[in-house]
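Visitor: Below is a structure I'd like to ask you about.
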Amino acid sequence: MISRKSVHSSIKNTPEQHRVYLPFLIFAAFIFVLICTGCGKEKKAEVERLVNVKTSPAEKKRVQPYLETTGTLKAEEEVTVSSEVDGIVRKITVEEGSRIQQGMLLAAVNDIDYGLEYKKSEAALKQSQASLANARAEFSRKHSLYEEELITRQQFDDVSTKLALAQAEMERARAALGASREKLARTKIYSPLTGAVKEKKISIGDYVRNGTPLFALIKIDSLKLNFTISEKDAAALKIGQEVVFTVDAFAGQKFKGRVSLLYPNVEERTRTLQAEAVIPNADHLLKPGYFARTQIFTQEAREAVVIPVTALLYDGPTIRVFVVNDKKAHERIIKIGNKYGEDVEVLEGLQEKEQVVVIGQNNLSEGVKVNVAR
């Protein structure tokens, strides 16, 4: 019978056996580490090949080509009303911003002196008319006597001259009366248009002379939109084209008008063409001086495939996009047309409903696997 002590002694490792097994143990540990590291790298590489992206479908929309620019609203008509007589302002009926109608009284100049002058001219006319009546009666008597040869030729010529002078005097008096009537009427200043008072330049008690500016008036039932177009786009601009614009005072609200004037020359310094559009403003919402962001529609509306502008990748003159198919990215060379807000028209290289990468395309290349974010 073998004792436990002898068995234990038989299996106990000696120092020589440790030295023999140690290299094998180190080699096995090294192989294990390499296998684990390789697996980790393989998993990491597999994760890195999936690029997170966001897509948007290519859509067919109804679009209308347009030019974009900025402009300024101005009054359709602006008039400076001036005094036509000398005198002291005794009455003013409007202030800045007052709405006015054509023919409305704006102000009045003291008319006492002009009223007296009118009465004086009126009396002078009556006197000249009486003198003319006497001259005609005398001419009639002398004409009969001259025909009967009872007076001389000289006497008849004298009475003819007297009649002619009386007629001339009456015409002069009539003209003087007309002038004094006109001056009296001009002491009252009336509006030549329907609109608003932009500026009041006088106060009651001011002494004004003929030609002194009194008011600046503007016509606001319709406005003018002044804008410029670059030289390269000038050929697309035509009178009658529709204009749509927005102003900061009414965010989100669109206003419309039509091109009414194209200037005959291009500005050499800026290489731009100036133009105007007429804008209806019956409700007076719009005011002269507003800054306008403007679109001028140059063609009729039509159907087109569009994608977000953010999908485009520029490589010199070449424009690329990536589409996702079977969870892989595929590069497309496309040709684009006009921009429409955040979208751009695709003329070639893309079909409707294809999923276009709009975020993450800078990290893509042909055939890369992608993870489409929802």
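Visitor: Identify the trypsin sites (Lys or Arg not before Pro) of segment 193-276 meeting these criteria: DSSP loop state and at most 12 other C-beta atoms within 10 Å of the C-beta.
Guide: When the trypsin sites (Lys or Arg not before Pro) of segment 193-276 are filtered for loop state and at most 12 Cβ neighbours within 10 Å, 209, 238, 254, 269, 271 remain.
Visitor: Tell me the net charge near residue 222. Cut-off is 10 Å between Cβ atoms, residue 222 excluded, with +1 for each Lys or Arg and -1 for each Asp or Glu.
Guide: Surrounding charge for residue 222 is -1.
Visitor: With Cβ to Cβ distances under 9 Å as the rule, what net charge do the other residues near residue 276 carry (K, R +1; D, E -1)?
Guide: Overall, the nearby charge balance is +2.
Visitor: Another one. Any idea how many Lys pairs in segment 112-186 come in under 27 angstrom at the alpha carbon, given 8 or more places apart or on separate chains?
Guide: Qualifying lysine pairs in segment 112-186: 8.
Visitor: Now for a different question. Using only the Cα atoms of segment 269-316, what are the Rg and Dmax in Å?
Guide: For segment 269-316, the Cα radius of gyration and maximum Cα-Cα distance read 17.8, 50 Å.
Visitor: Take the chain, mark every one of the GluC sites (Glu not before Pro) that falls in a DSSP loop and has at most 10 other Cβ within 10 Å, then report the longest stretch left between them, sites excluded.
Guide: After excluding every exposed loop site, the longest remaining stretch is 150-267.
Visitor: Where in segment 119-144 does the label zone of residue 156 land, with the point 7 angstrom along Cα→C-beta and an amide N cut-off under 18 Å?
Guide: Taking a point 7 Å out along Cα→Cβ of residue 156, the residues of segment 119-144 whose backbone N falls under 18 Å are 136-144.
Visitor: Let me ask another. Below 18 Å Cα-Cα, how many Lys pairs turn up in segment 241-359? Only count pairs eight or more apart in sequence, or on different chains, if you could.
Guide: 5
Visitor: In Å, the Kirkwood hydrodynamic radius of segment 118-244 over pairs of distinct alpha carbons?
Guide: Taking the inverse mean of 1/r over all distinct Cα pairs, segment 118-244 comes out at 21.4 Å.
Visitor: In whole Å, largest first, what are the principal axis extents of the Cα atoms in segment 112-186?
Guide: Ordered largest first, segment 112-186 gives principal extents of 55, 13, 12 Å.
Visitor: Same structure again: Excluding same-chain residues fewer than 8 positions from residue 200, which aspartates and glutamates have a Cα within less than 15 Å of its Cα?
Guide: 78, 95, 96
Visitor: What would the Debye equation give as log₁₀ I(q)/I(0) for the chain at q = 0.08, 0.10 Å⁻¹, counting only Cα atoms as equal point scatterers?
Guide: Here log10 of I(q) over I(0) equals -0.77, -0.92.
Visitor: Sticking with this one: If you stretched the chain out fully between residue 91 and residue 123, how much longer would it get, using 0.36 nm times the residue separation minus the C-alpha to C-alpha distance?
Guide: Fully extending the segment from residue 91 to residue 123 adds 8.6 nm.
Visitor: State the three equivalent ellipsoid semi-axes of segment 299-374, derived from the C-alpha gyration tensor as the square roots of 5 times its eigenvalues, in descending order and whole Å.
Guide: Equivalent ellipsoid of segment 299-374: 23, 13, 11 Å, largest first.
Visitor: Can you bin every Cα-Cα distance in segment 57-153 into 10 Å intervals starting at zero and give me the percent of pairs per bin, rounded to whole numbers?
Guide: 10, 17, 14, 13, 12, 12, 9, 6, 4, 3, 1, 1
Visitor: Please state, to two decimals, what the Cα-based radius of gyration of segment 206-360 comes to when divided by 2.2 N^0.38 Å (N = residues).
Guide: So the Cα radius of gyration is 1.52 times the expected 2.2 N^0.38 Å.
Any read-out appearing in this document is the output of simple, stated calculations on the displayed coordinates, not a laboratory observation. Predicted, not measured: the structure shown is a model, and the values here were computed from it. Neighbour counts are summed over all protein chains in view; Cβ atoms, including those assigned to glycine, are modelled from backbone coordinates with ideal geometry.
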